[in-house]
Amino acid sequence: MRPRRPRALRRTWGAAALTLAALAATFTAAPAASASDPDGPIGRGETMDRAWSWVAEQVPYSQSGCYRNQFGCYRPDCSGFVSMAWHLGSSLTTWALWNVTSDIPAGDLQPGDALLKDSGGTDHVALFVRWADAAHTQPVVREEYDFGHVAEEHVWSDGLRGFSPRRYNRLDDLMPYGSIRVKYDGMGGLNSPLGPPVTGERDSMMGGRFQQFRNGIIIWHPDAAF
């Protein structure tokens, strides 16, 4: 699913009648950029941008070689895809990803977390995007699935299927990123009227991105953040 084009902003979009989700739904995904270091802390926004790059470029699945774009060169299989999204120093195997992640409850899954399994004849990992349903039973994932497929975003309609929710140990949930980071730093960062971040950068169900701070939010469209 490709990000939707932004709708025209109304002058009254800051009014109380508009919910935070409605504001966020007005915008597309943040512009791709690399802000982290290999194996270093990384924000959810950057993780999702890196993952989207392979979906947009329709990278074909392979268990050999590497696929190179602006985010580096990684093996184009399931674990290589997740390694690329988290900006790891190399393409880890599915089994090695256990060593750089921690177990989390399914109810705590956030964009950029992983669904991992290496039992019952299944060795696979996918990147969690959001829930497709209000009951939180159908995850939307980005993944490199199998030979003959390309990197894609789609819904697991049959639930978690025995996969373990995992979180990368160096994923910094509160780290501002991309256009939001530029705007936040330009306002003075922690010393700005917004104060410190209180949530990570989030996608809305309809597409778009926002981050909440102690005294307000920053949302953006492809040209500027507000």
Result for the range 178-220: accessible area per residue, probe 1.4 angstrom, in square angstrom, of 46
With all protein chains present, the range 178-220 has a carbon and sulfur share of its accessible area (1.4 Å probe) in percent of 56
Of the heavy-atom accessible surface of the range 60-129 (probe 1.4 angstrom), what whole percent is carbon and sulfur?
-> 49
Phi to ³J(HN,Hα) by Karplus 6.51 cos²θ - 1.76 cosθ + 1.60 over the range 96-106, Hz, x for Gly, Pro | 6, 5, 4, 6, 10, 10, 10, 6, 9, x, 4
Computed over the range 42-172, protein heavy atoms only, probe 1.4 angstrom, the accessible area per residue in square angstrom equals 39
Order the peptides 161-169, 102-110 from the highest to the lowest mean number of other Cβ atoms within 10 Å of their residues.
-> 161-169, 102-110
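The values are calculated or read from the model by the stated rules, or taken from the named source; none is laboratory data. Quick caveat: nothing in here was measured; it's all calculated off a predicted structure. Every residue, glycine as well, gets a Cβ built from its backbone with ideal geometry; the counts of neighbours run over all protein chains shown. Accessible surface is based on the protein model in full, side chains and every heavy atom, while ligands, DNA and RNA are left aside. Shrake-Rupley method; radii C 1.70, N 1.55, O 1.52, S 1.80 Å.
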